[in-house]
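Contents: one structure, followed by commentary.
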Amino acid sequence: MRELSPVNTCEVCTNPNLIQVLDLGLHPLCDDLIPIDGDWKSEEFPVEILLCEICCTAFQKFQVPRETLFTRDYHYRARMTGSVLAGMKELVFEAENLYGPLTNLRILDIGSNDGSLLEFFQSKGASVLGIEPTGAYLDSKVFCNNGGCKSISANSKNWCIRSSNK
């Protein structure tokens, strides 16, 4: 296992007094899929959750480097999980209830995966922008079908802005 730097202060309010609330030991990355006949072992990383009691933020004690966590061939796509889509639809419904019509509002989704959440907001007339570090943005209907969305691929070396003609 590679050496990881621990987080020593809250990433939101910089409080240095953090409480460990959960230690799940070592685990492989959720998207580190090995073929059934593969003869190698996944790299494992510690999963320890810390809590800042000042701002009530919970986060991982050790952060996996983004180049390792979000590879170009990251497999997960939000649109493949019905419960995730239902939650996204509910979020947009609640946003509409709180803020009124979403027409012409600007929505930014950092970690937009395949753009599923952006599609729900766009269907309500919002202008949307997604930032995604993996190749999942290439599966975005709002980007790839020129649906009026901009998508930014945030890889480890640079930022590549891809947008539709709108």
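For the reader, a short list of remarks on this structure follows.
- Within the stretch 81-107, the set of residues being of a type in the set (A, V, I, L, M) and exposed (fewer than 12 other Cβ atoms within 10 Å of the Cβ) comprises Ala86, Leu98.
- Criterion violated by Met80 - all others in (1) touching a Phe, Trp or Tyr at 6+ places or on another chain (Cβ under 9 Å); (2) closer than 30 Å to Lys124 by Cβ satisfied: (1)
- Breaking point among (1) over 21 Å from Gly135 (Cα atoms); (2) among the polar types (S, T, N, Q); (3) touching a residue at least 24 places away in the same chain (Cβ under 8 Å), for Asn8: (3)
- Qualifying positions in the stretch 3-25 - under 20 Å from Thr71 (Cα atoms) and either surrounded by 10 or more Cβ atoms within 10 Å (Cβ to Cβ) or in contact with a helix residue (DSSP H, G or I) (Cβ under 8 Å, 6 or more places away or on another chain) (or both): Leu4
- Scanning the stretch 66-79 for residues that are surrounded by fewer than 13 Cβ atoms within 10 Å (Cβ to Cβ) and under 22 Å from Pro35 (Cβ atoms) turns up just one, Asp73.
- Unmet requirement for Asn15, which otherwise passes all of (1) touching a Cys at 6+ places or on another chain (Cβ under 6 Å); (2) outside any loop (DSSP other than H, G, I, E, B): (2)
- Evaluation of Leu50 against (1) surrounded by fewer than 13 Cβ atoms within 10 Å (Cβ to Cβ); (2) assigned by TED's automatic domain parsing to the domain that holds Leu4 (one fails), failing number: (1)
The values are calculated or read from the model by the stated rules, or taken from the named source; none is laboratory data. Predicted model, so just to flag it, every value in this text is computed and none were measured. Every residue, glycine as well, gets a Cβ built from its backbone with ideal geometry; the counts of neighbours run over all protein chains shown.
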